[in-house]
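The values are calculated or read from the model by the stated rules, or taken from the named source; none is laboratory data. Because the structure is a prediction, the values reported are computed rather than measured. All Cβ positions, even for glycine, are placed from backbone atoms using ideal geometry, and neighbour counts span all protein chains on display. SASA here: full protein model, heavy atoms, side chains in, ligands and nucleic acids out. Shrake-Rupley method; radii C 1.70, N 1.55, O 1.52, S 1.80 Å.
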Amino acid sequence: QVQLVESGGGSAQAGGSLKLSCVASGRTDRRYAMAWFRQRSGKEREFVAAIGWSGASTRIGDSVKGRFTISRVTATNTITFHMDFLEPEDTDVYYCARAFRRNPAEDSEDYARWGEGTQVTVSS
């Protein structure tokens, strides 16, 4: 069973920063893309960022472009998400996901494995 374990969620002030990490364990294949999505209760999951299997290609959602960055350490099957200049609108549950594609994608249906989510709360 593949497990995705997120860490780094918590609270921050507007304008502050947080760092999220996700580690895939179990039967894993490092050749597939990974991503972050976010979701509030009653809303659809929103694409935030994705990174390809090699770490060379990334996609960043328009709402966070210029503020958030994503990186990958292939050897440990880990993705890191640096969130800077946080806004109250960034308050969501953030989910790590692993795709069945090698290139980064923005559609949640392209992702086969999901973490349990980690809460991010930004106060004004």
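Here are a few things to note about the model shown:
- Pairwise centroid distance, computed over Cα atoms, of the range 36-79 with the range 93-117, Å: 9 Å
- Of the GluC sites (Glu not before Pro) found in the range 22-121, those in coil by DSSP whose Cβ has at most 11 other Cβ atoms within 10 Å are E44, E116.
- Taking θ as phi - 60° and the Karplus parameters 6.51, -1.76 and 1.60, the scalar couplings of the range 110-124 work out to 7, 10, 9, 10, 9, x, 7, x, 9, 7, 10, 10, 10, 9, 7 Hz in sequence order, x denoting glycine and proline.
- Fully extended contour minus Cα-Cα distance, from E116 to S25, at 0.36 nm per residue: 31.4 nm
- The figure for V64 is an accessible area of roughly 0 square angstrom, using a 1.4 Å probe on the protein chains alone.
- Whole-percent carbon and sulfur share, accessible surface of the chain, 1.4 Å: 43 percent
- Exposed trypsin sites (Lys or Arg not before Pro) absent: longest stretch of the chain, with sites in DSSP loops and at most 12 other Cβ within 10 Å deemed exposed: 66-124
- 1.4 Å probe accessible area per residue over the range 23-124, in Å²: 53 Å²
- Solvent-accessible area of S57 with every protein chain in place, 1.4 Å probe, in Å² to the nearest 10: 60 Å²
- Label-to-label distance, nm, for residues given as S41 and S124 (7 Å Cα→Cβ offset): 2.1 nm
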